[in-house]
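Each remark here refers to the structure printed beneath this line.
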Amino acid sequence: MIRQNNHSHEEGTDHPISKMLLARAARFEDELIAGYEAVKQHDKTVTFFGSARFTEDNPYYQKAAELAKLICKEGYTIITGGGGGIMEAGNRGSKDACNISVGFNIELPFEQSLNSHVTQGVNFSFFASRKVALYFSGEAYVFFPGGYGTLDEFFQILTLMQTHKRPVLPVICVGSHYWKNIDSMIKTTLLQENETISPKDVDLYTITDDNEEILELVKNSSNHTD
């Protein structure tokens with residue numbers, strides 16, 4: 001049985017679906033350009049990732065704010081997803097110490113709004129364009145504990161480096177108690193039991209809570225752009 005395409009006569013840019021797709025594509029492009037324009041204003045950047053749900057009394061929040069201060073004092077602009085939790089902490093520490101912090105906010109029906117410590121903000125409606133902006137031109141990527149979104153960002157940046165779509169740059173995982181479980185899964189389930197990654201792939205990230213080591217990793221990183 002041959003199934004006919006009942007929509008063939010409706011093809012073209014005047015079709016409502018085509019118009020919708022073209023409008024979304026144009027908006028996506030505009031967001032990419034806005035992210036690029038924001039990043040290129042800063043010579044050196046470090047991107048912070050982590051849960052939006054941590055409050056200021058959480059040790060990870062406090063660690064992120066402290067680390068952001070130290071990194072920005074070395075001449076790096078801190079970029080975050082612009083929301084609460086770790087993102088707010090990163091922007092807060094950077095603003096307090098260096099009077100500048102960048103936030104790439106995602107428009108969501110709950111949980112996320114641009115935090116008050118962002119001095120330069122860009123709003124995104126697409127996760128994909130926002131992630132491109134967060135990954136673009138960073139000297140290093142600092143990951144704190146988080147949920148699905150943080151892990152999505154973590155594994156995507158590793159995949160981009162593994163497949164040579166991004167230069168290999170420091171991916172620093174802060175919060176050893178949290179990341180040791182992810183590390184065990186990667187080394188045991190992925191590498192040893194199933195061989196779905198190569199041995200060298202486990203070297204794409206570093207787990208450490210030592211601020212001095214983190215600063216050295218950041219400072220020893222070379223800035224590459226696509």
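We did not get these values from a lab; they are worked out from the coordinates using the rules stated. Predicted model, so just to flag it, every value in this text is computed and none were measured. Because the Cβ atoms are built from the backbone with ideal geometry, glycine has one as well, and the counts that use them run over all protein chains shown.
Scanning segment 137-182 for residues that are of a type in the set (A, V, I, L, M), buried (at least 22 other Cβ atoms within 10 Å of the Cβ) and within 20 Å of ARG53 (Cβ to Cβ) gives VAL142, VAL174.
Residues in segment 192-218 that are acidic (Asp, Glu) and either in contact (Cβ under 8 Å) with a residue 12 or more places away in the chain or part of a helix (DSSP H, G or I) (or both): GLU193, ASP201, ASP203, ASP209, GLU212, GLU213, GLU216. Yes or no: VAL122 more than 22 Å from GLY147 (Cα to Cα), surrounded by 15 or more Cβ atoms within 10 Å (Cβ to Cβ) and touching a residue at least 60 places away in the same chain (Cβ under 8 Å)? Yes. Sub-7 Å Cβ pairs linking a first residue in segment 167-191 that is farther than 23 Å from GLY138 by Cα and free of Cβ contacts under 8 Å to residues at least 12 places away in the same chain to a second residue that is loosely packed, with under 15 Cβ neighbours inside 10 Å and β-branched (Val, Ile, Thr), at least 6 apart or interchain, are LEU190/THR196; LEU191/VAL202, ordered by first then second residue.
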